[in-house]
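The values are calculated or read from the model by the stated rules, or taken from the named source; none is laboratory data. Quick caveat: nothing in here was measured; it's all calculated off a predicted structure. Methodologically, a virtual Cβ is constructed for each residue, glycine included, from the backbone with ideal geometry; neighbour enumeration extends over all protein chains shown.
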Amino acid sequence: MSFSVRLSVPATSGPSPFVRLSLRTYHGDGEEEGEELGGSGEGFRDLGVGEVCGIEGFDLVGGEEYVLCVERLGEEEGDFVLDFLADGELEPIEI
């Protein structure tokens with residue numbers, strides 16, 4: 001199944017952060033996430049200047065579990081919006 005995700009911030013959430021997305025394997029044993037399978041690119045994206053932070057066209061393997069990680073530079077708090085697109089049905093996610 002082909003999967004894409006895009007991260008943005010609501011217009012009313014204050015200063016836009018520098019962010020990075022990564023998709024990792026999930027082992028389900030309480031350990032940290034596994035290896036990175038895909039990401040939004042090298043470095044962090046500045047959402048304040050209109051950069052896109054997303055993972056486009058990643059092929060998910062049926063029966064596998066994944067972790068989507070959002071990393072943010074700095075200590076500011078704020079809201080995020082995640083838009084998911086898939087050409088199949090995704091199982092519910094836990095946030």
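Things worth noting here:
- Among the conditions (1) exposed (fewer than 12 other Cβ atoms within 10 Å of the Cβ); (2) in contact with a Pro (Cβ under 9 Å, 6 or more places away or on another chain), the only one that R72 does not satisfy is (1).
To keep it simple, each residue is scored yes or no on (1) under 18 Å from G78 (Cα atoms); (2) surrounded by 10 or more Cβ atoms within 10 Å (Cβ to Cβ); (3) touching a Pro at 6+ places or on another chain (Cβ under 7 Å); (4) modelled with pLDDT of 90 or more.
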| residue | (1), (2), (3), (4) |
| --- | --- |
| A11 | yes, no, no, no |
| F18 | yes, yes, no, no |
| S22 | no, yes, no, yes |
| E33 | no, yes, no, no |
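- Flag for L37 being touching a Ser or Thr at 6+ places or on another chain (Cβ under 9 Å) and at pLDDT 85 or above: yes
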